[in-house]
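First comes the structure, then the notes that go with it.
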Amino acid sequence: MTRPLIAANWKMNGDLALAEAVIAGLAEGGGGGVDVLLCPPFVYLREVARMVRQAKVTGLAVGAQNLDYHAHGAFTGEVSAAMIADAGCEYVIVGHSERRALFGESDDDVARKAQAARGAGLAAVVCVGETFAEREAGRTEAVVESQLAPLAGFFADSDGGDFAAAYEPVWAIGSGQSATPGDARAVHEFIRRRIADHNPAAASRARVIYGGSVKPGNAAGLFAEPGIDGALVGGASLAARDFLSIIRSGYAD
Ligand code: 13P
């Protein structure tokens, strides 16, 4: 595994003052041996990328929360991968469950977005995960497998450094109820095996990170599990202190 990745998905929250507080905290204390990713709303990307460059914190990067897979055109309100790269981003989140549930993104859309990200030199953070009903029905692996299926070609062509998979059980997002470290680990292992079906080298190199109610109090337990290579943090990334505490709660230098 390369360095762990701890990512902040601000969703439609946050402001430049939050970015400043997180970056200042990292510049003071460092993030240890961890890559840290800030994903603010589109309008803040260029300025946060500038702040990050200026801070010169090793392993700190900026990403968008979504992209449109078209290169350009009459798609009012949308933003392309090349535009995101031009704003100074290195990453982009694709397939977040909120995009799937609220904006109708399909598994095929997610695969197109991942390809578009790669085309612009961005690393895709590809999100998958089951709903509560799907978990209760014992369908977690089947659901994750079908979400990953259209990404077969994307994985086949990967060097493992141009994406991270994020396991985000929908029922754990914003609920305060994280998956247990053991349950998360089992799904992470499953995800890595499915990627390995297409590309064993990329599967062993790629990061599989966990998202869903990661907090300062439960991060260390999750990070202690082999195969949990970091976190995608929503609510707790909106308080600089909490996010910094998560960053420092595992993965010794
Ligand atoms: P919470 O950390 O608020 O549960 O959100 C997780 C998430 O959706 C990150 O993408």
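No lab work stands behind these numbers, since they all come straight from the coordinates. This structure is a prediction, so every number in the text was calculated from the model and none was measured. Backbone-built Cβ (ideal geometry, glycine too); neighbour counts: all protein chains shown.
Extension gain for the segment residue 197 to residue 220, taken as residue separation times 0.36 nm less the Cα-Cα distance, is 5.3 nm to one decimal.
Placing a label point 7 Å from the Cα of residue 43 along the Cα-to-Cβ line, the residues of region 1-35 whose backbone N sits under 14 Å from it are 12-17.
Evaluate the relative contact order of the chain (contact order divided by residue number), counting alpha-carbon pairs under 8 angstrom at least 6 apart; express in whole percent.
After rounding, I find 22 percent.
Dipole size of the chain about its Cα centre, with +1 on Lys/Arg Cβ and -1 on Asp/Glu Cβ: approximately 440 debye, rounded to the nearest 20. Neighbour counting of Cβ atoms within 10 Å sorts the residues 38, 238, 122, fewest neighbours leading, into 238, 122, 38. Within straight-line reach of residue 113, meaning a Cα separation under 23 Å, sit the following lysines at least 8 residues removed in sequence or on another chain: 11. Look at the dipole of the chain built from charges on Cβ: of 210, 18, 80, the Cα furthest out on the positive end belongs to 18. A dipole drawn for region 124-223 from +1 and -1 charges on Cβ atoms has a positive end, and of 200, 153, 188 the residue lying farthest that way is 188.
For region 36-161, go through all pairs of different Cα atoms, get the mean of 1/r, take its inverse, and jot down that Kirkwood value in Å.
Final number for the Kirkwood radius of region 36-161 is 15.4 Å.
Based only on Cα atoms, what Rg/Rh ratio does region 211-253 have, Rh being taken as Kirkwood's radius?
0.93
Between residue 108 and residue 28, residue separation times 0.36 nm minus the direct Cα-Cα distance comes to 24.6 nm.
Report the far tail of the P(r) of region 36-97, meaning the percent of Cα-Cα pairs longer than 12 Å. Please report the intermediate quantities before stating the final value.
On the way: 1221 of 1891 pairs.
Above the 12 Å cut-off, region 36-97 has 65 percent of its Cα pairs.
Beyond 16 Å, how much of the Cα-Cα pair distribution for region 98-171 remains, as a whole percent? Summing the P(r) of region 98-171 above 16 Å gives 49 percent of all pairs. Taking a quarter of the surface of the Cα convex hull of region 97-228 gives a mean projected area of 7.7 nm². Given a cut-off of 17 Å, what percent of all Cα-Cα pairs of region 1-105 lie beyond it? When every Cα pair of region 1-105 is considered, 54 percent fall beyond 17 Å. Rg and Dmax, both from the Cα atoms of the chain and both in Å, are 16.6, 49.
Note on region 161-204: Cα-only Rg and Dmax are 12.2, 35 Å.
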